[in-house]
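Taking it in order: structure first as structure tokens, then the write-up.
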Amino acid sequence: MDIFPLLGKTEPILTPDSLRHGLPGTIDLTVQGPGSKSFIIRWIASPRYAADIHGGWQLTGPKIYSGAYPDSGDRRRATVDPNLPEAAASLIKQVSDIIITTDLEHRIIYWNNAAERFYYIPAAQAIGQSLRDLIHYDYLNTTEEEAYEALRERGIWEGEASYLSSAGKKSYLICSIRYVRDNHLQITGIMALNRDVTEVKLVQQDQRRAEMQLRQYSEQLAGILESITDGFFALDQHFRVTLWNHEAERITGLSAEEMIGQSIWDKLPELVGTDTWQSFHKAFKKKMTVTFEQYQERTDRWLEMSLYPSDEGVFAYFKEVTLRKKQEALLALEKKVLELNTARRMPLRSLLNFFLKGIQKIFPGMYCCVLTLDEDGMSVRLLSAPGLPAIYAHAIDGLPIGPTAGSCGTAMYRKETVIVSDIATDPLWEENRALTLSFGLRACWSIPVINGRGEVLAAFAVYYTTVKAPTEVEMNTFERVANLVAMIIESKKAEEELNISNERYTLATRATNDAIWDRDLRTGVCYWGEGFYEQFGFKPGTRVRDAKFWKSHIHPRDREEVLREMQRFISRKEKGLWLAEYRFKKADGNYALISDRGFLVFNKESKVIRMVGSMQNITEKKEMQEKLLRQELNKQKQIAQAMIDAQEKERAEIGKELHDNINQILSTTKLYLELAKNEHGERLNLINRSADNIHNAIHEIRNISRNLVPASIGDLGLQDSIADLVESLRTTRAINVEFYPVGNFDEKISDKAKLMLFRIIQEQINNVLKHSEAKNLIIELILEGADNRIELSITDDGKGFDPGKAGKKGLGLSNIMSRADLFGGKVTIQSAPGQGCKLRVQVPVL
């Protein structure tokens with residue numbers, strides 16, 4: 001304030017005492033220059049606040065008047081004098097605002113110090129230049145033309161603008177443009193007063209940006225929590241709930257409103273002291289991930305929970321896994337039953353008792369039984385009912401079948417599934433309702449067991465003590481158990497028939513004294529039946545079993561033709577009988593005329609491994625051998641199909657487990673990464689945790705990925721499954737794939753045949769991708785109604801190969817042929833080097 005007394009007189013008078021409580025709102029300074037008129041400068045005082053300045057005042061907005069004080073009655077005539085004395089001009093130069101004056105043609109006539117500092121243009125360089133050419137503004141919410149139009153209309157324009165310096169720095173200004181008038185009120189020029197508000201503007205922008213980011217982050221976090229398919233909640237260090245999503249509400253029945261802010265132990269006191277309580281404390285104290293499962297016996301429900309500690313507390317994921325746990329237990333039980341069935345050490349009744357007890361343990365409240373159809377075909381016989389009351393089981397043994405004979409009797413009679421959800425009201429139970437209800441049984445579902453010839457063998461049933469209709473999941477499980485029961489019964493019956501057939505065969509061989517032989521085509525060793533030694537007088541020994549022994553005893557005139565025809569028969573892999581008549585030299589040196597016949601035995605890969613036959617004319621034995629062969633092949637197909645079914649079921653369960661096991665890991669990883677975007681202090685820690693989780697997920701996937709299978713062909717249909725496979729290949733862009741289906745084959749063939757065709761397509765696609773270097777692949781699936789068969793062709797434009805050479809080492813093609821052979825199919829391959837490959841599979845519609 002020392003400068004004011006040097007310039008003139010202030011109003012009010014400024015003294016140290018008057019400044020103790022701050023400056024007045026306005027300060028008028030009367031300046032009298034030597035030899036000039038007096039003029040008045042009005043200053044506006046405002047406190048100065050900034051991050052690097054503590055206290056102080058800033059004098060801004062000077063207005064210069066000639067003549068009387070602006071507050072006098074002649075205020076209207078008070079105007080800015082363009083011809084200010086040097087002292088006033090010097091004072092104006094020191095203000096912090098940018099002050100520029102121009103003539104009416106916009107040529108700069110005044111440029112203060114603030115303008116020099118802001119624009120980095122000295123006054124000497126600026127004066128005389130056109131302001132509109134020298135300085136370019138971006139006007140906010142208007143244009144330069146509109147601003148000057150407002151100046152012309154109202155004599156003043158005020159607003160905001162931005163300025164971009166030559167160095168690329170952008171600044172924001174509050175601008176005021178007005179006319180300068182002389183004592184006669186004539187416009188003599190234009191004054192521009194600009195204030196730099198860049199710091200304030202940037203702070204406001206940063207604040208708005210931070211608020212927007214915070215709002216987006218909150219919305220993203222809320223969306224993530226609600227999109228998680230598991231129940232999710234978060235606890236702070238005092239076990240108070242901070243987050244509780246909708247799925248947690250659904251599973252527990254507790255709303256987020258009543259849980260958030262409350263101690264979880266206060267809301268769920270029954271968990272205090274349990275394994276769950278111990279797991280939470282373990283995660284908190286040791287800062288480690290804890291995963292556990294909990295079984296609630298009262299509700300027969302399994303819950304799986306994973307705890308992930310953080311600096312703020314712990315994140316908890318939980319979900320109901322009852323279905324998965326029961327499916328795992330059911331799969332393990334099925335494996336055990338199949339092992340016992342394959343071992344052939346357990347009678348049918350004992351095996352079924354073991355299986356049904358296991359089912360009842362997995363599914364409490366379910367009581368199973370198996371009834372067979374009596375030999376008269378008119379009544380039921382009890383085979384297994386480990387869960388039913390003994391008196392009731394004895395009472396239903398021998399009941400007749402019929403259209404209204406309860407659940408099992410009706411299912412056998414109709415050859416279809418019968419679901420009775422309420423025995424007390426269903427008319428099917430009219431005759432035996434009182435008996436059944438007296439034992440507390442209220443619902444019964446039954447599925448008939450039907451063999452390949454359409455004959456009813458038995459019925460599988462489940463009882464409940466409450467009125468109950470099956471859900472979709474329960475019905476799938478019910479049918480799954482019934483299918484295994486059917487397989488066990490059919491397998492045991494086939495085993496029994498096979499034993500009888502083998503016994504008959506052995507007795508027939510002894511009775512007719514046939515010379516049975518079995519030659520291993522890989523080693524040449526030949527095994528002879530007892531009839532051979534008895535008929536031809538040889539003694540058992542190594543010499544007799546050698547392949548050369550048999551060849552050397554064929555008459556020289558017959559040897560070449562017999563061996564040639566046999567080799568042709570083997571090389572063609574013919575399925576019929578090899579027949580030959582030739583002379584064979586006996587031990588005494590004499591020749592016997594024999595009729596020899598044999599057949600080839602194939603392994604699962606359709607490779608010839610043995611040749612079995614008999615010497616002598618034995619028409620009756622020939623028929624028995626053919627029957628035995630059919631039974632053996634059927635048995636092998638049953639075993640192979642059972643193994644395939646078990647593998648498919650197991651792989652499907654593994655696929656579900658893959659989703660369940662890694663879902664929580666990846667969900668947490670996603671949450672960590674979202675947090676890492678904004679939590680700068682914890683970013684590295686969160687990224688490291690995410691990396692660990694991803695590593696764990698990769699490890700889990702590697703452990704179980706080999707067992708994965710696609711969705712059930714029976715659910716999707718063969719055409720949709722192939723289309724889905726083709727679409728997956730197209731997304732990889734590894735090869736161009738086209739699929740052309742013709743005919744409604746999904747309704748014509750069984751689910752097992754659909755799965756066989758789908759596996760063949762998968763196998764051939766894998767072969768093409770690995771070996772062919774093809775760019776295009778065409779899949780055609782045609783239902784040929786006239787020939788009652790399905791033809792599948794897979795054609796590629798790859799490098800091709802020699803089918804004769806590939807057959808020796810191509811496991812992929814061998815698997816295709818083996819699968820097709822199980823369903824009586826035929827596989828042909830057309831390929832040559834440089835000409836691509838076409839695989840054709842023809843399968844009869846059974």
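The values are calculated or read from the model by the stated rules, or taken from the named source; none is laboratory data. The model shown is predicted, which means the values in this text are computed figures rather than measured ones. Methodologically, a virtual Cβ is constructed for each residue, glycine included, from the backbone with ideal geometry; neighbour enumeration extends over all protein chains shown. These area figures cover heavy atoms from the full protein model, side chains too; ligands, DNA and RNA do not enter into them. Shrake-Rupley method; radii C 1.70, N 1.55, O 1.52, S 1.80 Å.
Observations
- Residues located in the range 422-449, provided they are within 43 Å of the chain's Cα centre (by Cα) and either of a type outside the set (Ser, Thr, Tyr) or farther than 17 Å from residue 369 by Cα (or both): 422, 423, 441, 442, 443, 444, 445, 447, 448, 449
- Within the range 153-170, restricting attention to residues that are more than 21 Å from residue 110 (Cβ to Cβ), modelled with pLDDT of 90 or more and open to solvent by less than 70 Å² (accessible area, probe 1.4 Å), the residue that is nearest to the chain's Cα centre (by Cα) is 162.
- The range 515-529, subset open to solvent by 30 Å² or more (accessible area, probe 1.4 Å) and not aromatic (Phe, Trp, Tyr), residue nearest to the chain's Cα centre (by Cα): 522
- Checking each residue in the range 577-619 for being of a type in the set (Gly, Ala, Ser) and over 60 Å from the mean Cα position of the chain (by Cα) picks out 580, 587, 589, 592, 595.
- One residue alone among 532, 538 is touching a residue at least 40 places away in the same chain (Cβ under 8 Å), assigned to a loop (DSSP other than H, G, I, E, B) and over 58 Å from the mean Cα position of the chain (by Cα), and that residue is 538.
- Helices (runs of 4 or more DSSP H) lying entirely in the range 229-292 (those with 2 or more residues that are among the small types (Gly, Ala, Ser) and surrounded by 17 or more Cβ atoms within 10 Å (Cβ to Cβ)): 275-286
- Residues located in the range 565-591, provided they are among the hydrophobic types (A, V, I, L, M, F, W, C), under 21 Å from residue 548 (Cβ atoms) and surrounded by 14 or more Cβ atoms within 10 Å (Cβ to Cβ): 566, 569, 570, 578, 580, 584
- Selected residue (criterion: most open to solvent (accessible area, probe 1.4 Å)) from residues of the range 545-564 that are in contact with a Phe, Trp or Tyr (Cβ under 7 Å, 6 or more places away or on another chain) and not hydrophobic (A, V, I, L, M, F, W, C): 545
- Close pairs from the range 574-596: first within 18 Å of residue 553 (Cβ to Cβ) and without any contact (Cβ under 8 Å) to a residue 60 or more places away in the chain, partner among the hydroxyl-bearing types (Ser, Thr, Tyr) and in a strand (DSSP E or B), Cβ under 6 Å, at least 6 apart: 581/595; 583/591; 585/591
- Among residues of the range 344-363 that are within 13 Å of residue 460 (Cβ to Cβ), those with a Cβ under 9 angstrom from a residue that is of a type in the set (D, E, K, R) and at pLDDT below 90, sequence gap 6+ or separate chain, pair up as 355/334; 355/336.
- Any hit, the range 276-295, residues being of a type in the set (Ser, Thr, Tyr), modelled with pLDDT under 85 and over 18 Å from residue 321 (Cβ atoms): no
- The range 599-630, residues that are open to solvent by 40 Å² or more (accessible area, probe 1.4 Å) and at pLDDT below 80: 616, 617, 619, 620, 622, 623, 624, 626, 627, 629, 630
- Options 115, 150: the member that is of a type outside the set (Ser, Thr, Tyr), without any contact (Cβ under 8 Å) to a residue 12 or more places away in the chain, assigned to a helix (DSSP H, G or I) and surrounded by 12 or more Cβ atoms within 10 Å (Cβ to Cβ): 150
- Test: residue in the range 739-750 that is farther than 22 Å from residue 726 by Cβ and either more than 34 Å from the chain's Cα centre (by Cα) or surrounded by fewer than 17 Cβ atoms within 10 Å (Cβ to Cβ) (or both): yes
- Which listed residue is surrounded by fewer than 15 Cβ atoms within 10 Å (Cβ to Cβ), within 30 Å of residue 481 (Cβ to Cβ) and at pLDDT 70 or above, from 692, 715, 724: 724
- Residue that is modelled with the lowest pLDDT, among those in the range 171-184 that are out of contact with any Ser or Thr (no Cβ under 7 Å at 6 or more places or on another chain) and open to solvent by 40 Å² or more (accessible area, probe 1.4 Å): 184
- Members of the range 781-804 that are open to solvent by 60 Å² or more (accessible area, probe 1.4 Å) and modelled with pLDDT of 90 or more: 797, 799
- Residue that is farthest from the chain's Cα centre (by Cα) [pool: residues in the range 124-147 that are more than 22 Å from residue 179 (Cβ to Cβ) and surrounded by 12 or more Cβ atoms within 10 Å (Cβ to Cβ)]: 125
- Any pair with Cβ under 7 angstrom, 6 or more apart, that starts in the range 823-846 at a residue that is closer than 15 Å to residue 777 by Cα and ends at one that is surrounded by fewer than 15 Cβ atoms within 10 Å (Cβ to Cβ): 838/830; 840/828
- Of the residues making up the range 459-477, at least one is over 18 Å from residue 385 (Cα atoms), touching a residue at least 12 places away in the same chain (Cβ under 8 Å), open to solvent by less than 60 Å² (accessible area, probe 1.4 Å) and part of a helix (DSSP H, G or I).
- The criterion of at least 1 residues that are farther than 20 Å from residue 482 by Cα and either open to solvent by 50 Å² or more (accessible area, probe 1.4 Å) or aliphatic (A, V, I, L, M) (or both) is met, among helices (runs of 4 or more DSSP H) falling completely within the range 374-456, by 390-396, 433-438.
- Members of the range 828-846 found to be closer than 27 Å to residue 748 by Cβ, surrounded by fewer than 20 Cβ atoms within 10 Å (Cβ to Cβ) and not charged (D, E, K, R), listed by number: 828, 829, 830, 842, 844, 845, 846
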